[in-house]
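What follows is a single structure, written as structure tokens, with notes after it.
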Amino acid sequence: AQKITQTQPGMFVQEKEAVTLDCTYDTSDQSYGLFWYKQPSSGEMIFLIYQGSYDEQNATEGRYSLNFQKARKSANLVISASQLGDSAMYFCAMREVIQGAQKLVFGQGTRLTINP
Amino acid sequence: DSGVTQTPKHLITATGQRVTLRCSPRSGDLSVYWYQQSLDQGLQFLIQYYNGEERAKGNILERFSAQQFPDLHSELNLSSLELGDSALYFCASSGGGVGPYEQYFGPGTRLTVT
């Protein structure tokens with residue numbers, strides 16, 4: 001079974017600084033996908049970024065980038081120039097394929113707080 | 001706005017009761033997923049439907065059932081509710097059965113069982 005580990009329960013960062021949220025994964029699949037979601041205090045889950053295991057370049061979406069190190073099985077999220085609105089829970093997830101169907105396996109999340 | 005809608009937003013009910021949560025996927029998405037988020041279990045996959053057919057089951061209790069209708073909306077039925085069923089229930093949708101498709105989540109239904 002696949003597993004996602006997020007070792008930082010909480011992080012505090014000054015506004016405008018860059019922040020890295022850690023994510024390690026465990027899988028025996030050759031083809032897999034990694035996702036990051038943001039959950040603000042309002043509760044909705046917002047898709048941020050996706051990285052496929054065969055993608056040669058690290059994924060980027062605006063201020064978000066994914067530092068993908070396949071050999072280390074890590075997929076860290078980097079947020080550049082953090083803003084107060086970035087304060088939220090962040091979840092790393094992996095796509096697991098079961099008999100032709102797929103589901104997401106989530107880590108426990110990291111609560112990010114941006115201080116002014 | 002992800003394009004996935006869920007109703008109701010909040011639901012408060014008593015133990016032993018039955019409730020139905022509704023989800024409409026993004027336009028064109030054939031797959032619907034249900035997830036449960038609770039404080040002790042985190043985010044857990046419950047079930048997936050693709051174009052009306054069940055495709056995968058996760059940690060879904062026998063008291064829970066789901067279906068996807070011809071118009072692709074889905075309902076999650078929770079019966080004989082217990083206090084431990086209190087959680088945030090998410091519906092997500094994606095474009096296909098298997099593939100690197102991002103799953104877009106709805107706003108969730110917060111269920112409180114008293």
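Every number here is computed from the coordinates shown, using simple stated rules; none is lab data. Note that the structure is a prediction, hence the values are computed from the model and not measured. No Cβ is skipped: glycine too gets one built from the backbone with ideal geometry, and neighbour counts run over all protein chains shown.
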Averaged over the residues of A:37-44, the number of partner chain Cβ atoms within 10 Å of each residue's own Cβ comes to 4
For A:Ser31, B:Ser31, ascending order of other Cβ atoms within 10 Å (fewest first) is A:Ser31, B:Ser31
The relative contact order of chain B, taking Cα pairs under 8 Å that sit 6 or more residues apart, comes to a percentage of 37 percent
Amide H neighbours of A:Ile98 at under 5 Å, excluding residues fewer than 5 places away on the same chain, with H built from the backbone geometry, are A:Lys103
Nearest-0.05 FRET efficiency for B:Arg22 and A:Arg63 at R0 = 30 Å, using Cβ-Cβ distance, is 0.30
Partner shielding of A:102-112, taken as the mean number of other chain Cβ atoms within 10 Å, equals 5
Karplus-derived 3J(HN,Hα) from phi for the range A:25-42 (6.51 cos²θ - 1.76 cosθ + 1.60, θ = phi - 60°), whole Hz, x at Gly and Pro, runs 9, 9, 7, 9, 6, 7, 10, 7, x, 10, 10, 10, 10, 10, 10, x, 4, 6
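Determine the shielding of peptide B:85-94 by partner chains: average, over its residues, the number of Cβ atoms on other chains within 10 angstrom of each Cβ.
If you average over the peptide's residues, the count of other-chain Cβ atoms is 2.
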Scalar couplings 3J(HN,Hα) for the range B:18-35 by Karplus 6.51 cos²θ - 1.76 cosθ + 1.60 (θ = phi - 60°), nearest whole Hz, x for Gly and Pro, are 10, 9, 10, 9, 10, 9, 10, x, 4, 4, x, 7, 9, 9, 10, 10, 10, 10
Put in order of increasing Cβ neighbours within 10 Å, starting from the fewest, A:Phe47, B:Phe45, A:Phe68 give A:Phe47, A:Phe68, B:Phe45
Once amide hydrogens are built 1.01 Å from N within the peptide plane, the residues lying 5 or more places from A:Gly109 or on another chain with amide H under 5 Å from its amide H are A:Gln6, A:Cys92
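Treating the beta-carbon of each Lys and Arg as +1 and of each Asp and Glu as -1, no other charges, what is the dipole magnitude of the range A:39-116 about its Cα centre, to the nearest 20 debye? Can you show the working numbers first?
Details: 7 positive and 6 negative charges, 52 e Å.
Taking the Cα centre of the range A:39-116 as origin, the dipole is about 240 debye.
If you take the Cα Rg of the protein assembly as shown and divide it by 2.2 N^0.38 Å, with N the number of residues, what do you get? Mind showing how you got there, number by number?
Numbers: Rg = 17.5 Å, N = 230, 2.2 N^0.38 = 17.4 Å.
Working it through for the protein assembly as shown, the quotient is 1.01.
Could you work out the percent of alpha carbon pairs in chain B separated by over 16 Å, rounded to a whole number?
Numbers: 3543 of 6441 pairs.
Summing the P(r) of chain B above 16 Å gives 55 percent of all pairs.
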